[in-house]
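Heads up: the structure comes next, in structure tokens.
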Amino acid sequence: IQWFPGHMNKARNEIKEIMPQMDVIIEVLDARIPYSSENPMVSALRGDKPVIKIMNKADLADPELTKQWMDYFEQESGVKAIAFGHDKGAEVAKVNELCKKLAPHKVGADKQLKAMIMGIPNVGKSTLINHLAGRIVAKTGNEPAVTKSQQRIRLEDGIMLYDTPGMLWPKVENENSGYRLAATGAVKDTAMNYEEVASFTAEYLLTAYPELLKSRYKIDELPEQDWEFVEMAGRKRGCIRGGNQVDTHKMSEILINELRDAIIGRITMETPAMRDEEEIMVAELR
Ligand code: GDP
């Protein structure tokens with residue numbers, strides 16, 4: 001993944017500038033990759049500001065793992081997490097409530113509580129902002145990195161919501177994170193090699209969700225290797241080129257698209273244990 005240092009520095013400086021005024025940080029994560037969709041700047045710049053984690057796109061994620069992650073965040077750092085799916089109606093009030101609970105000194109008739117919403121592109125920040133505001137104030141789009149200017153939105157209860165200035169980037173040090181970001185659609189398609197991402201994905205799914213793979217691709221006995229799986233599923237799906245060869249590129253695209261749309265099932269690509277392990281690995285490489 002290519003991220004431009006110029007953009008990063010600009011975003012960092014702008015966030016640094018407004019951070020001191022903020023009372024609460026709302027960090028939006030993709031519930032399917034709560035580790036890889038973290039933005040390193042949130043922990044680097046927030047100081048001791050309280051954080052609320054939003055596990056967004058929870059409708060696509062494995063509910064059991066979403067719960068595990070929420071418990072993990074709370075035990076690990078006392079951070080409250082809220083899961084949000086496509087239907088955000090009922091949960092919206094919880095964000096306001098939590099903000100007020102975390103910054104009680106900013107609650108009152110003549111006071112203003114400032115909250116900044118942070119998250120990597122395409123994680124669903126704009127959609128969430130629109131729900132919190134109860135009206136369309138932010139442009140949404142399925143393409144990562146829709147450019148937006150900074151916005152302030154007045155919510156109920158004297159809460160002022162700040163959209164992050166500039167663009168935030170995901171973890172770049174961890175190769176696995178790169179694959180998971182690509183698999184879930186956080187990275188633009190032009191930047192990814194479908195076959196590599198599909199192999200990585202298949203390897204994970206073969207151990208983590210074998211039953212879902214069997215049922216979606218009508219395979220009674222799964223192979224051990226990811227590439228064997230792509231071949232097998234490709235045959236089942238009729239992805240065949242000349243000479244009766246499996247068109248692995250085509251099958252790779254199918255696998256990734258069906259993962260992204262949760263057609264295979266509700267899948268989460270990482271667990272809290274994986275996060276702990278990979279953080280150690282990344283620290284050793286530094
Ligand atoms: P932003 O770049 O972080 O502002 O992301 P957007 O708000 O533009 O959302 C990116 C895409 O994710 C859009 O296609 C949204 O419809 C979709 N999206 C947002 N929230 C959810 C959610 O909770 N569930 C699902 N399935 N899709 C969502």
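Values for this structure:
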{"read-out": "Subset of the stretch 198-219 (residues that are surrounded by 23 or more Cβ atoms within 10 Å (Cβ to Cβ) and under 19 Å from the mean Cα position of the chain (by Cα))", "value": "A198, T201, L205"}
{"read-out": "Exclusive hit being buried (at least 16 other Cβ atoms within 10 Å of the Cβ) and either closer than 15 Å to D163 by Cα or out of contact with any Leu (no Cβ under 8 Å at 6 or more places or on another chain) (or both), set A61, A44, A31", "value": "A61"}
{"read-out": "Scan of the stretch 64-108 for residues that are within 24 Å of M41 (Cα to Cα), surrounded by fewer than 13 Cβ atoms within 10 Å (Cβ to Cβ) and under 18 Å from the mean Cα position of the chain (by Cα), ordered by number", "value": "D71"}
{"read-out": "Spans of helices (runs of 4 or more DSSP H) in the stretch 220-286 with at least 2 residues in contact with an Asp or Glu (Cβ under 7 Å, 6 or more places away or on another chain) and β-branched (V, I, T)", "value": "none"}
{"read-out": "Residue in the stretch 232-286 that is least open to solvent (accessible area, probe 1.4 Å), counting only those that are of a type in the set (S, T, Y) and touching a residue at least 60 places away in the same chain (Cβ under 8 Å)", "value": "T268"}
{"read-out": "Test: L128 is within 17 Å of the chain's Cα centre (by Cα), open to solvent by 30 Å² or more (accessible area, probe 1.4 Å) and at pLDDT 85 or above", "value": "no"}
{"read-out": "Selection within the stretch 109-125 - surrounded by 23 or more Cβ atoms within 10 Å (Cβ to Cβ) and more than 13 Å from the ligand (Cβ to nearest atom)", "value": "L113, A115, M116"}
{"read-out": "Exclusive hit being more than 16 Å from the ligand (Cβ to nearest atom), among the small types (G, A, S) and within 30 Å of H86 (Cβ to Cβ), set A233, A262, A283", "value": "A233"}
{"read-out": "Qualifying residue in the stretch 78-91 (condition: within 18 Å of E156 (Cα to Cα), in contact with a helix residue (DSSP H, G or I) (Cβ under 9 Å, 6 or more places away or on another chain), more than 13 Å from the ligand (Cβ to nearest atom) and not charged (D, E, K, R))", "value": "no"}
{"read-out": "Exclusive hit being modelled with pLDDT of 85 or more and outside any helix (DSSP H, G or I), set I136, I117", "value": "I117"}
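Quick grid of which residues meet (1) touching a Ser or Thr at 6+ places or on another chain (Cβ under 8 Å); (2) under 23 Å from N56 (Cα atoms); (3) of a type outside the set (F, W, Y); (4) modelled with pLDDT of 90 or more:
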site: M8; (1), (2), (3), (4): no, no, yes, no
site: N13; (1), (2), (3), (4): no, no, yes, no
site: M22; (1), (2), (3), (4): no, yes, yes, yes
site: R32; (1), (2), (3), (4): yes, yes, yes, yes
site: Y35; (1), (2), (3), (4): yes, yes, no, yes
site: E38; (1), (2), (3), (4): no, yes, yes, yes
site: S43; (1), (2), (3), (4): no, yes, yes, no
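The values are calculated or read from the model by the stated rules, or taken from the named source; none is laboratory data. This one's a predicted model, so the numbers in the text were calculated from it and none came from an experiment. Using ideal geometry, Cβ is built from the backbone for each residue, glycine included, and neighbour counts are taken over all protein chains shown. The area values use the complete protein model at the heavy-atom level, side chains included, leaving out ligands, DNA and RNA. Shrake-Rupley method; radii C 1.70, N 1.55, O 1.52, S 1.80 Å.
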